[in-house]
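The values are calculated or read from the model by the stated rules, or taken from the named source; none is laboratory data. Remember, it's a predicted structure, so these values are computed and weren't measured experimentally. Counting neighbours? That spans all protein chains shown, and the Cβs are built from the backbone with ideal geometry, glycine included.
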Amino acid sequence: MPRLGIVTCQILELEFAHLLLTDRDVTKIWGIDDEFSRELIRILKHGNLKPVHRITRIQDFQPDPARGLDVLVRVLQVGLHSNIPRLRRAVEDAVREMAPLVDGVFLGYGLCGNALKDLDGLFYDISVPVTLTMDDKEPVDDCVGLVIGGRKKYYEQQCLCAGTMFMNAGFSRHWQDIITMDIPEKLHHKKERILEKIMGSYQRSLLLPTPVMEEDELRENSREFNRTYRLRVESHPGTLELLERAWQTAKSGGQ
């Protein structure tokens, strides 16, 4: 598969940077230079391990199939999952725009509130395979299920404490945007009171360290969040195993 597309969320920037920079099959990376993809492009360029091209239009993607695997990446805004139709439309539009230019699309998402439950129905007329990260023959629930190691481990932690805020690397980097994005501007003067009410049912912040962010950095990134909402902090090992396995599936044509 000489041309592979990725559509993902800002929440998984570090994980996809890790995949792309460490995969020897990837020879060149093309990133859409918009406000949401820009940080991933910066991380990739900082890694300085392989060519990274910024393009302003997706039509500027010019892969060279003879030289290896070219990857085209588009990152969508964090927090779209708070409105399921909005997330579904954004992912569908990104995939449909990308599909004619690649041999397959890998989605850096889970079911995300069932927004992406029926991929066959959503992309019935697209000729290239569209791949999600799987957990025992079913898609992972979301970015937490992806890095915690699947729905069984996710459920176990929810049963231990229903009021758990799962702190993966992306949430620790973007939590301020995530928790405020759906508060209307006219209510911003009440923002603190609204957030206190929303967060009132949470008791625990569960850190999920992985190779892209160790526990100390997660703890530091989330210190203000945990202090503000008076959450006790615990830790549980995270993993990139499911994501890496799905990436290999996408590279092999979605099989």
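The figures follow:
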item	result
Qualifying residue in region 95-111 (condition: more than 23 Å from residue 41 (Cα to Cα), part of a loop (DSSP other than H, G, I, E, B) and under 12 Å from the mean Cα position of the chain (by Cα))	yes
Residue match in region 198-206 (condition: part of a loop (DSSP other than H, G, I, E, B) and more than 22 Å from residue 15 (Cβ to Cβ))	yes
Residues (touching a strand residue (DSSP E or B) at 6+ places or on another chain (Cβ under 7 Å) and either over 23 Å from residue 130 (Cβ atoms) or modelled with pLDDT under 95 (or both)) located in region 45-60	45, 50, 51, 52, 53, 54, 58
Residues that are assigned to a loop (DSSP other than H, G, I, E, B) and among the charged types (D, E, K, R), drawn from region 52-78	57, 64
Unique match (being basic (Lys, Arg), touching a residue at least 60 places away in the same chain (Cβ under 8 Å) and in the same structural domain as residue 118 (by TED's automatic domain parsing)) among 74, 38, 67	74
Close pairs (6 angstrom Cβ cut-off, 6 or more residues apart or separate chains): in contact (Cβ under 8 Å) with a residue 60 or more places away in the chain in region 209-228, among the acidic types (Asp, Glu) and buried (at least 16 other Cβ atoms within 10 Å of the Cβ) anywhere	212/15
Complete set of residues in region 177-221 that are farther than 20 Å from residue 146 by Cα and in contact with a Phe, Trp or Tyr (Cβ under 7 Å, 6 or more places away or on another chain)	199, 202
Some residue of region 170-181 being charged (D, E, K, R), touching a residue at least 60 places away in the same chain (Cβ under 8 Å) and not in a helix (DSSP H, G or I)	no
Residues of region 114-129 that turn out to be more than 20 Å from the chain's Cα centre (by Cα) and of a type in the set (Gly, Ala, Ser), as a count	2
Any hit, region 116-130, residues being on the phi > 0 side of the Ramachandran plot and either assigned by TED's automatic domain parsing to the domain that holds residue 9 or at pLDDT below 95 (or both)	no
Test result for residue 134, within 19 Å of residue 78 (Cα to Cα) and either surrounded by fewer than 18 Cβ atoms within 10 Å (Cβ to Cβ) or touching a Phe, Trp or Tyr at 6+ places or on another chain (Cβ under 7 Å) (or both)	no
Those residues of region 163-219 which are among the small types (Gly, Ala, Ser) and either under 17 Å from the mean Cα position of the chain (by Cα) or on the phi > 0 side of the Ramachandran plot (or both), in sequence order	169, 170, 172
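Yes or no, residue by residue, for (1) under 23 Å from residue 244 (Cα atoms); (2) in a strand (DSSP E or B); (3) under 20 Å from the mean Cα position of the chain (by Cα):
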residue: 8; (1), (2), (3): yes, yes, yes
residue: 14; (1), (2), (3): yes, no, yes
residue: 28; (1), (2), (3): yes, yes, no
residue: 34; (1), (2), (3): no, no, yes
